[in-house]
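Heads up: the structure comes next, in structure tokens.
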Amino acid sequence: RYEPTWGSLDARPLPAWFDEAKFGIFIHWGVFSVPSFGSEWFWWYWQKEKREPYVKFMEANYPPGFSYEDFGPLFTAEFFDPNQWADILKASGAKYVVLTSKHHEGFTLWGSKYSWNWNAVDVGPKRDLVAELATSVRNRTDLHFGLYHSLFEWFNPFFLEDATNVFKTRKFPTSKSLPELYEIVTKYQPEIIWSDGSGNAPDTYWNSTGFLAWLYNDSPVRDTVVTNDRWGVGSVCTHGGFYTCSDRYNPGHLLPHKWENCMTIDKRSWGYRRNAQLDDYLTTEDLVKQLVETVSCGGNLLMNIGPTHDGRIAVIFEERLRQMGAWLKVNGEAIYGTKPWRAQNDTVTPEVWYTFSPKEGKVNAIFLNWPVSGILDLGEPRAKPGETQV
């Protein structure tokens, strides 16, 4: 059994499926998908930082006195078809999906009894979006289902009170954040808990080690669940399951601990933006490059899409996902289930990355540029005449 200490929790071996999976899809969906302007941090930038583009956007398009909460009923999801989403996710070649069950705005995509009247069952779609997607993913694909959950909430009065008390009081985690975590694990049995948003509070305020000890010892997913490293100030890149270190983290060299590169197809935002331009989206070539570099250095790629307020995966996102799937259909044996090789990239030819397939005992060289001469020079492999097969 694991003790509620980092020493004990960090000693837990990461379930093997996660390292073998290599590629997952992140989905940022919530009330921020209604204004779908600027960023999923819309509420904060508009109300707290009062950034000019956000203030002007509201003044130009909404009546005076319109509050962020008024966006809630407009989050309608009328086109949300979880079976269609599951089919697109499957076609991407991803092996897991992580849905934002609750972002920093505090709105839960399930009917949480700890988020009264600020959840998708009471307001907006009047549907349990988490349950619907979980069911479709499990019925139609072999993807592992995971949930993102924000520890803190920007404007929750209990959180603000605790913050004023320099986190000496713990009203918010005991009445809201922790009960929600237990609720989603018990109800939906996610195999990834992707925590985020420390709110500048330490892990002791969040009782992260207490929750993780329960998760690893007694929860319904204790044997298969994986967690990340965002459990309070000081835990990032140090404690937890796999390390995320920072958004869009791609070190370009081998790390001694399992890590994940979470990044977005839309370079500027995690949530959907109606005003995005074509060149704001990474090309399939860009995305393949990210995947190959990440996997050869021992990481997983978690690639984000932002659906619309009415529940659509925009066609450009769908196209990128299907293109990734097409590439993986051909080249997946050099990605799935591989281990990092002794060299990550080539010394002679740039943009060549290596992976190793332990079962077959073979080295995979993935080149991102077609050699103009028609000859690919590889400096790293040491070929033995009569033994080496290419």
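The values are calculated or read from the model by the stated rules, or taken from the named source; none is laboratory data. Because the structure is predicted, anything quoted here is derived from the model rather than measured. Note: ideal-geometry Cβ built from the backbone for every residue, glycine included; neighbour counts use all protein chains shown. Please note that ligands, DNA and RNA were not included when accessible areas were found on the heavy atoms of the full protein model with its side chains. Shrake-Rupley method; radii C 1.70, N 1.55, O 1.52, S 1.80 Å.
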Using only Cα atoms and rounding to the nearest 10 degrees, what angle (0 to 90) does helix 82-91 make with the longest principal axis of the chain? 20 degrees
Over the chain, what percent of the accessible surface lies on carbon and sulfur atoms, probe 1.4 Å? 53 percent
Kindly express, to the nearest 10 degrees and within the range 0 to 90, the angle between helix 129-140's C-alpha long axis and the longest C-alpha principal axis of the chain. 30 degrees
Report the charge-dipole magnitude of the chain in Debye, nearest 20, computed about the Cα centre from +1 at each Lys and Arg Cβ and -1 at each Asp and Glu Cβ. 400 debye
Computed [θ] at 222 nm, deg cm²/dmol, the chain (DSSP H ≥ 4; -39,500 (n - 2.57); rounded to nearest 500): -8000 deg cm²/dmol
Antiparallel DSSP beta bridges within the chain, percent to nearest 5: 25 percent
Any residue on another chain or 5+ positions along whose placed amide H is under 5 Å from the amide H of Thr264 is listed here as Asn304
State in Å² the accessible area per residue of the chain; use a 1.4 Å probe, count heavy atoms of protein chains only, and round to the nearest integer. 44 Å²
Would you mind checking the tilt of helix 208-217 against the longest principal axis of the Cα atoms of the chain, expressed as 0 to 90 degrees and rounded to 10? 60 degrees
Run the lone-cysteine check on the chain: no other Cys C-beta under 4.7 Å from the residue's C-beta. Cys262, Cys297
Compare the Cα positions of Phe159, Thr308, Leu9 along the charge dipole of the chain (+1 at Cβ of Lys, Arg; -1 at Cβ of Asp, Glu; about the Cα centre) and return the one farthest towards the positive end. Leu9
Shape call, the chain: gyration tensor on alpha carbons, a/c limit 1.5: prolate
Candidate aspartates and glutamates - alpha carbon under 16 Å from Lys176, same-chain residues fewer than 8 apart omitted: Glu105, Glu153, Glu161, Asp162, Asp196, Asp203
Listed peptides 382-390, 121-129, 346-354 by packing density, highest first (mean Cβ within 10 Å): 121-129, 346-354, 382-390
Report, ordered by chain and residue number, the lysines lying within cross-link reach of Lys258, taken as a straight Cα distance under 19 Å and ignoring same-chain residues fewer than 8 apart. Lys22, Lys95, Lys339
